[in-house]
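The values are calculated or read from the model by the stated rules, or taken from the named source; none is laboratory data. These numbers were taken from a predicted model, which means no experiment stands behind them. In this analysis, Cβ positions are derived from the backbone assuming ideal geometry, glycine residues included, and neighbour counts consider all displayed protein chains. SASA here: full protein model, heavy atoms, side chains in, ligands and nucleic acids out. Shrake-Rupley method; radii C 1.70, N 1.55, O 1.52, S 1.80 Å.
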Number of protein chains: 2
Amino acid sequence: MGDFSVNLENLISDLRRIVGDKWVVTQREFMEGYLRDETPDPVRPRAAEGLILVKPSSAEDVAGILKLANANKVPVFPVGGRTGLVGGSVPIKPGIILSLERMNKIEVDRENIMAVAEAGATLGDLIKAADEAGLFFPPHPGDEGAQIGGLIATNAGGSRAVKYGVMRNYIRGLEIVLPTGEILSLGGKLLKNNTGYDLMQLAIGCEGTLCVITKAVIRLFPKSKVMVTLVVPFNTRSDALKTVPEILRSGVMPLAIEYVQIREIEEAAKHLNERWPVQRGFAQLIMILDGASQEEMLLRCEEISEICESNSAMDIMLAETAEEQSRILRIRSNIYTALKPHMIDILDVTVPPSNLEKLMNEVDVIAAKYDVYLPAYGHAGDGNLHVHIMKEGVTDMRMADRIKSEIYKAAVALGGVITGEHGVGSLRIKDLGLVLSEKHIEIMESIKRIFDPNNILNPNKVLP
Amino acid sequence: MGDFSVNLENLISDLRRIVGDKWVVTQREFMEGYLRDETPDPVRPRAAEGLILVKPSSAEDVAGILKLANANKVPVFPVGGRTGLVGGSVPIKPGIILSLERMNKIEVDRENIMAVAEAGATLGDLIKAADEAGLFFPPHPGDEGAQIGGLIATNAGGSRAVKYGVMRNYIRGLEIVLPTGEILSLGGKLLKNNTGYDLMQLAIGCEGTLCVITKAVIRLFPKSKVMVTLVVPFNTRSDALKTVPEILRSGVMPLAIEYVQIREIEEAAKHLNERWPVQRGFAQLIMILDGASQEEMLLRCEEISEICESNSAMDIMLAETAEEQSRILRIRSNIYTALKPHMIDILDVTVPPSNLEKLMNEVDVIAAKYDVYLPAYGHAGDGNLHVHIMKEGVTDMRMADRIKSEIYKAAVALGGVITGEHGVGSLRIKDLGLVLSEKHIEIMESIKRIFDPNNILNPNKVLP
């Protein structure tokens, strides 16, 4: 075991004392699923040897584990559902893997229209709990196996962020445990709170480097009475993308506006043994609309149709049944899975929405220059583009790196950033300087030292 | 002049060199308006002697001033529109008053549905600029003379925060100047950004203690095609307040849900020489609704009426003309002004919305115990209550302090905080410990030292 000084047997027995024998796993074969996330294989960092998997049942357990680790300078890797795409939760040093999967209770408070969820509950659990209480969790920030703690630690986004925003907008309170073992309660069932610096906002998006999130108060919304999904085909990318701000300015605010191109969406359908329902148009917009009544929805769909048609849209497909809508979204969500076997990396560069078309054109220029296939699609309402670096035509990892670097630079030159959703993780540390000034990074490092003086929490992640 | 070591004449001439002679004011009679904010007189701190008022024209000017101040350990008090209520911008030590009023440009970007506003532009300027571009800035976080920099530094809230939230939710990018003189650009015209720790979130709500905000990218929304204001009278507080979550769960999401009691709203009307249009009902809800069409609005009003009537509401007043609506809001906004001459302090305690009735009842108990008048009203949709400590029956400031303390404790016992809107400023520092743990305050202090190693920026504010 690793380079930390503590006696391994003592550490294990101390951990067993805290969480119980059963919840400390030391045999490699029983922790395989915890050694990787969903990052594509060619760029995913490899897990270290000398790992111990620990499963606490409470914030107090977590505090005990962190105190012990901190005293002995043992690295701790908090993991959620391991659905990340930037190697953020891969344990790359000998140490402790901390899985909060046993802490998975959710209580819905109908009076305050909020949920209190433990960090190990999954996105699927939250969606279900909200639904059973007659309420709704609007965003869909990733795989439903993602856990609440991870969704918050990465400030996850996803497609349904146009109307109400990303995870940060839903979080009203957090319970966190500091690497030094203190349990802090931040915010609460509160819609307004200006009591001192908002440390909760630092915890959101810290990717498990500042604290371990153990519980969250999450804002819910009323269930939409009606939801419809539209698929709108266009001949050109330009027609499709120039439609987006017109829709947003019209007063109709869709939950999601997704941009896809026919080749990839058909590939995703084939991958699922399905048929994509709209066979026409090189470029397509998929929109999800919610409303309080059938009448309201009808008015909105008419308004959107008019805008789309004035931008040369072809026949619009309107999916009204829940089944049809979920089929469309399932296919859309599977582009990543369909492409994954042939993929080196997936990017999530984000630019001002009005520059999305320019960014896509730049990506085409880069693809032509290197003679490679760089399929791109994304959250058009948010200016958030998923560009895939595929194996096709890429001769080695240095070439992949050059391509990635050119895409990053194109995004930054257009007023954008290198990551809008997936975060920094292990993969993007070396490119942070493209977006953040030296002083910015210096402040981040100083903040890290305040929270984690011994650098035990997710070391070698996020920070250079 | 003050206790800092620099030669005063040298400091003044250096400041003149940076911003020009005309923009450095040293005569007390020309800075009177900068020595106070809207905090009620009995609790407002007094401005120090030995102040210099400086009006920069650019972020570079601000950087020059801060470098100079930092090198000489001269306190700097950034001020906005001085509409705060907790003594946050009163210059309480000899030093520099930094007013960004000359930096007041606003550009609206219709393609990205955002505004780029300099810190010295006012809320009124922003509302107007958005309107002229055919767009809308939904919240109304205070007096229209408030400046953008101050609204962000205090994370202002206000009444129209139910649907889209407080200032934080609208801010997509910031330009800030650190006390050590570096200019940082954070975020941008971006709806998603997960590139490193989100320092922008720390700047929002820092009350001018970590940095000076010089520019902001602010999200706008489409203009609502239709807006209506409802005034709904109830016989009892309980009937009015139990209606609120029912409305919020119905799927109708008002921009604002305000709770008032007849005595104070009539007093505000009288103060303006107006007549409050709804004379019945001890307790009233004022709701602002927006919608995309007349038909949509009609459906929503019907739904709300049904819910209100099922909770024993009396005749509902529906204001449709812009004039009538703005009259209602003007009267509502003037409760504070009407009460101010007789007021010692205004609180903005905030609890989980479902506990608002309990909190109001506790306030009544405290009023009865001390035999004083504690008028309360507030943002019912947000659980944010404005309790006024009036002079009536209060014999001295220690009694006022005991009353305040009991109200704070009642709010905290109900899962709330001592400030949801106004912030900590000078007035609430000593009560921070009621809400924040020692460790929380220790982390705040460490963060302050990272940003402001010489403690020059708004010293003796926010932090104990």
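Kindly establish whether B:Asn155 is closer than 26 Å to B:Val424 by Cβ and either at pLDDT below 95 or facing another protein chain (nearest Cβ under 9 Å) (or both).
Against the criterion (closer than 26 Å to B:Val424 by Cβ and either at pLDDT below 95 or facing another protein chain (nearest Cβ under 9 Å) (or both)), B:Asn155 qualifies.
Going through the range B:423-450 one residue at a time, which ones are in contact (Cβ under 8 Å) with a residue 12 or more places away in the chain and more than 7 Å from chain A (Cβ to nearest Cβ)?
B:Gly425, B:Ser426, B:Leu427, B:Arg428, B:Ile429, B:Lys430, B:Asp431, B:Gly433, B:Leu434, B:Ile441, B:Glu445, B:Lys448
Would you check if B:Met227 is assigned to a strand (DSSP E or B) and open to solvent by 10 Å² or more (accessible area, probe 1.4 Å)?
When the stated conditions are applied, B:Met227 passes them.
For the range B:367-386, does any single residue satisfy the condition of being over 22 Å from B:Pro141 (Cα atoms), touching a helix residue (DSSP H, G or I) at 6+ places or on another chain (Cβ under 9 Å) and open to solvent by 60 Å² or more (accessible area, probe 1.4 Å)?
yes
Within the range A:246-265, can you find the residues that are under 25 Å from the mean Cα position of the chain (by Cα), crowded, with 19+ Cβ neighbours inside 10 Å and not hydrophobic (A, V, I, L, M, F, W, C)?
A:Pro254, A:Glu258, A:Tyr259, A:Glu264
With more than 8 Å from chain A (Cβ to nearest Cβ), surrounded by fewer than 23 Cβ atoms within 10 Å (Cβ to Cβ) and out of contact with any Asp or Glu (no Cβ under 7 Å at 6 or more places or on another chain) as the only criterion, which of B:Gly165, B:Gly149, B:Gly173 stands out?
B:Gly173
This table checks each residue for (1) modelled with pLDDT under 95; (2) surrounded by 15 or more Cβ atoms within 10 Å (Cβ to Cβ); (3) not assigned by TED's automatic domain parsing to the domain that holds A:Ala216.
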| site | (1), (2), (3) |
| --- | --- |
| A:Gly2 | yes, yes, yes |
| A:Val25 | no, yes, yes |
| A:Glu32 | no, no, yes |
| A:Asp37 | no, yes, yes |
| A:Arg44 | no, yes, yes |
| A:Ala63 | no, yes, yes |
| A:Pro78 | no, yes, yes |
| A:Leu98 | no, yes, yes |
| A:Glu118 | no, yes, no |
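Taking interchain pairs and intrachain pairs at least six residues apart, which have beta carbon atoms under 8 angstrom, with the first residue in the range B:400-422 and within 15 Å of B:Asp364 (Cβ to Cβ) and within 14 Å of another protein chain (Cβ to nearest Cβ) and the second open to solvent by 30 Å² or more (accessible area, probe 1.4 Å) and of a type outside the set (S, T, N, Q)?
Cβ pairs passing all conditions: B:Leu414/B:Lys358; B:Leu414/B:Glu362.
Within the range B:347-384, restricting attention to residues that are more than 14 Å from chain A (Cβ to nearest Cβ) and part of a strand (DSSP E or B), which residue is nearest to B:Met253 (Cα to Cα)?
B:Tyr377
Does the range A:189-216 hold any residues that are within 9 Å of chain B (Cβ to nearest Cβ), open to solvent by 10 Å² or more (accessible area, probe 1.4 Å) and in contact (Cβ under 8 Å) with a residue 40 or more places away in the chain, and which are they?
A:Lys189, A:Gly205, A:Glu207
Criterion first (part of a loop (DSSP other than H, G, I, E, B) and either under 25 Å from B:His140 (Cβ atoms) or β-branched (Val, Ile, Thr) (or both)) does B:Leu436 satisfy it?
It is false that B:Leu436 is part of a loop (DSSP other than H, G, I, E, B) and either under 25 Å from B:His140 (Cβ atoms) or β-branched (Val, Ile, Thr) (or both).
Could you list, ordered by first residue, the pairs with Cβ atoms under 6 Å in which the first is in the range A:294-320 and without any contact (Cβ under 8 Å) to a residue 24 or more places away in the chain and away from chain B (no Cβ under 14 Å) and the second is open to solvent by 20 Å² or more (accessible area, probe 1.4 Å) and not in a helix (DSSP H, G or I), at least 6 apart or interchain?
So the pair list comes out as A:Ser305/A:Ile316.
Take the conditions in contact with a helix residue (DSSP H, G or I) (Cβ under 6 Å, 6 or more places away or on another chain) and either of a type in the set (D, E, K, R) or without any contact (Cβ under 8 Å) to a residue 24 or more places away in the chain (or both) and apply them to B:Lys22. Does it pass? Steps first, please.
Numbers: in contact with a helix residue (DSSP H, G or I) (Cβ under 6 Å, 6 or more places away or on another chain): no; either of a type in the set (D, E, K, R) or without any contact (Cβ under 8 Å) to a residue 24 or more places away in the chain (or both): yes.
Judged against the criteria, B:Lys22 is not a match.
Scanning for something within 14 Å of chain A (Cβ to nearest Cβ), farther than 27 Å from A:Pro138 by Cβ and of a type in the set (A, V, I, L, M, F, W, C), does the range B:93-107 turn up at least one residue?
no
Could you pull out the residue among B:Ala292, B:Ala283 that is touching a Leu at 6+ places or on another chain (Cβ under 9 Å), within 22 Å of B:Gly158 (Cβ to Cβ) and open to solvent by less than 60 Å² (accessible area, probe 1.4 Å)?
Just a single option satisfies the conditions, and that option is B:Ala283.
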